[in-house]
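Colleague: Starting off with a structure, shown below.
The values are calculated or read from the model by the stated rules, or taken from the named source; none is laboratory data. Quick caveat, the model's predicted, so the values are computed rather than measured. Glycine gets a Cβ as well: all are built from the backbone with ideal geometry, and neighbour counts include every protein chain shown.
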Amino acid sequence: MKKSLIALAVLGTCGAAMAQSSVTLYGMADVWVGRTKAEATIGGVSASASESVLESGGFNTSRLGFKGSEDLGGGLKANFNLEAALAMDTGTSGGLRFDRQSWVGLSGGFGEIQLGKPWTPYDDTRAMANDTFNANFAASWTTWLFYEDNPNNTIRYNTPNFGGFSGAFAYSLGEDRASSPNNSASNLVSLSVNYANGPIVAGFAHQSQKVEGLNGLDSTGILTNLATTGKTTYNLLNGSYDFGMLKLVGGLNQVKVEPDGFAEVKANEWNLGVDVPVGAGFDIGVGVARSKTESGGVDQTTTTGFSVGAKYTLSKRTFLYAAFNRTKTEFEALPGDEVKGTLFGLGIQHNF
């Protein structure tokens, strides 16, 4: 009788502990098949190459993740997230590296703190109002300049939501002081202020990436967008308005690249898109985007993109999609020189 009571007490304790914490396994399987074509005209000589492909992550990157939360009492929670990218076309995962997200932190009435490798606030703001459903191979990502979206060694803070307003701040340590010629370490600073309430979504985000390590790469690979040491800054203003019969999205982005020993480069970028629900789970998105660079007041390149995408929802977790994307980069100092890219694809995405 005594042993039975002890066993029941142990089971009761375990049940209470399990009720206060949870772990969720989740994932996304995304595969598309289509055709890509690259064309270039340099110095009056033209060349082109096209290929039929079956690739992973056309709409969103395929992934496998674990996330969990534990109630610590008094409104305080401990949280974690581990997320790895998957290549559905080859069945590989890069050794199951959780390099999309890997962080642990605390949340409560004060907001949330994340330590590890989370997404930057700039990346979050950019994704919340992007053209053509924010799809990987169709949206304005294909024309705008690259940026660091989830650097290593990051401390991130998210504010609570105040009537639709929220903010976030992140600081990433380069840990590469030993390889820096001026004894300074690389770093990344990212912050955002967003508003989402009813049909309105709007946000401002700033990001500064400073590379000090040898050859423009720090010891952990936190910052890789500069070919040499220097600083890159981004300022983004974007938003959307849902009219019901359609949603209008758009954004303005300014980039300044200041590589050590080289001329400064500036980029003015914009995108505009419309998402239209046709009905019965069918949606169409159209977007145009441009990135124009200059250095010393002289135009350098102009990259223009047009994209159109369609989604057909089969269930809450599965949808089919199609996309067409066309980009062209013109070199202002070399009239007639240009590079073009064309993509058409059909795909399926399943979430679990």
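Colleague: Is it the case that some residue within segment 206-219 is closer than 21 Å to Asp275 by Cα, assigned to a strand (DSSP E or B) and either modelled with pLDDT under 95 or under 20 Å from the mean Cα position of the chain (by Cα) (or both)?
Modeller: no
Colleague: Looking at Lys316, is it modelled with pLDDT of 95 or more, out of contact with any helix residue (DSSP H, G or I) (no Cβ under 7 Å at 6 or more places or on another chain) and surrounded by fewer than 16 Cβ atoms within 10 Å (Cβ to Cβ)?
Modeller: The answer is yes for Lys316.
Colleague: Something else about it: Considering only residues that are hydroxyl-bearing (Ser, Thr, Tyr) and assigned to a strand (DSSP E or B), which ones fall in segment 88-134?
Modeller: Hits for segment 88-134 are Thr92, Ser102, Ser107.
Colleague: Enumerate the pairs (first residue in segment 86-114 and closer than 14 Å to Lys67 by Cα and in contact (Cβ under 8 Å) with a residue 24 or more places away in the chain; second residue anywhere and in a loop (DSSP other than H, G, I, E, B) and of a type in the set (Ser, Thr, Tyr)) with beta-carbon separation below 9 Å, excluding pairs fewer than 6 apart on the same chain, so at least 6 apart or on different chains.
Modeller: As it stands, the answer is Arg100/Thr61, since those pairs meet every condition given.
Colleague: Across segment 164-201, what is the total count of residues that are in a loop (DSSP other than H, G, I, E, B) and either modelled with pLDDT of 95 or more or not aliphatic (A, V, I, L, M) (or both)?
Modeller: 12
Colleague: Out of the residues in segment 136-158 that are touching a residue at least 24 places away in the same chain (Cβ under 8 Å) and among the aromatic types (Phe, Trp, Tyr), which is surrounded by the fewest Cβ atoms within 10 Å (Cβ to Cβ)?
Modeller: Phe146
Colleague: Check Thr302, Thr293 and return the single one that is buried (at least 18 other Cβ atoms within 10 Å of the Cβ) and farther than 25 Å from Gly58 by Cβ.
Modeller: When all the criteria are applied, what remains is Thr293.
Colleague: So, one more: Taking segment 31-55, which residues are more than 26 Å from the chain's Cα centre (by Cα) and surrounded by 12 or more Cβ atoms within 10 Å (Cβ to Cβ)?
Modeller: Answer for segment 31-55, where residues must be more than 26 Å from the chain's Cα centre (by Cα) and surrounded by 12 or more Cβ atoms within 10 Å (Cβ to Cβ): Glu39, Ala40, Thr41, Ile42.
Colleague: Tell me which residues, restricted to segment 227-259, are part of a loop (DSSP other than H, G, I, E, B) and either among the aliphatic types (A, V, I, L, M) or touching a helix residue (DSSP H, G or I) at 6+ places or on another chain (Cβ under 9 Å) (or both).
Modeller: Ala227, Thr228, Thr229, Met245, Leu246 - these are the residues of segment 227-259 that are part of a loop (DSSP other than H, G, I, E, B) and either among the aliphatic types (A, V, I, L, M) or touching a helix residue (DSSP H, G or I) at 6+ places or on another chain (Cβ under 9 Å) (or both).
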